[in-house]
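The next block holds one structure in the form of structure tokens; read it before the comments.
The values are calculated or read from the model by the stated rules, or taken from the named source; none is laboratory data. Remember, predicted model here, so these are calculated numbers, not experimental data. Counting neighbours? That spans all protein chains shown, and the Cβs are built from the backbone with ideal geometry, glycine included.
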Amino acid sequence: MSSAVIPADNANLTTAGLATPFSFDGDLLANFASAKAANVLHHPASDAAKRTEENKAAQDAVISALKLSPIRPALWLTLSTLEAQMGEPTTPALKMSYLTGAVPVDVAFSRIQTVTSSAAAADDEIRLLAQSDIRSALANRARYAPLLIAAYVQATPQGKSFLLESAQMIDPKFKEILLRY
């Protein structure tokens, strides 16, 4: 996700939201959308209807920011994550996350989690793009091995297969580690 600062409370988020519909500042819209999405993803409402409403509002904020400033790979990933939370197709937004630019390895790892835990793992283009993220994570294996193992454990069957195939090509010893789980 974006490195936006999350407002201290919902009142600040609401106040910030009043100005954003009239803004043509891509950074302001992106920061607001990131904060709104982070609030929804990290502090979901207990009521299912409210959770759906908040997710939709966060998706709308992200889409508004992307319409003004579409070259934001982390924001595309945020949209994909929000869609996944609602059981919606994530592949188009996830693909845009790859196609709009490079991201730090921490964000790349988030993409790996999204790919391996969704139907996106079955998309050949996504698999090809995601291999670069896995390569980046395995380049810093000491830091990311436990996270990759956790992603493998939580992955869909296609996601597990993808991680195993990628590890075989990039680091066959790591594939053997994954097979223990």
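Within segment 83-107, work out how many residues are assigned to a helix (DSSP H, G or I) and surrounded by fewer than 24 Cβ atoms within 10 Å (Cβ to Cβ).
Result for segment 83-107: 12.
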Residue match in segment 6-21 (condition: at pLDDT 60 or above, surrounded by 17 or more Cβ atoms within 10 Å (Cβ to Cβ) and assigned to a helix (DSSP H, G or I)): no
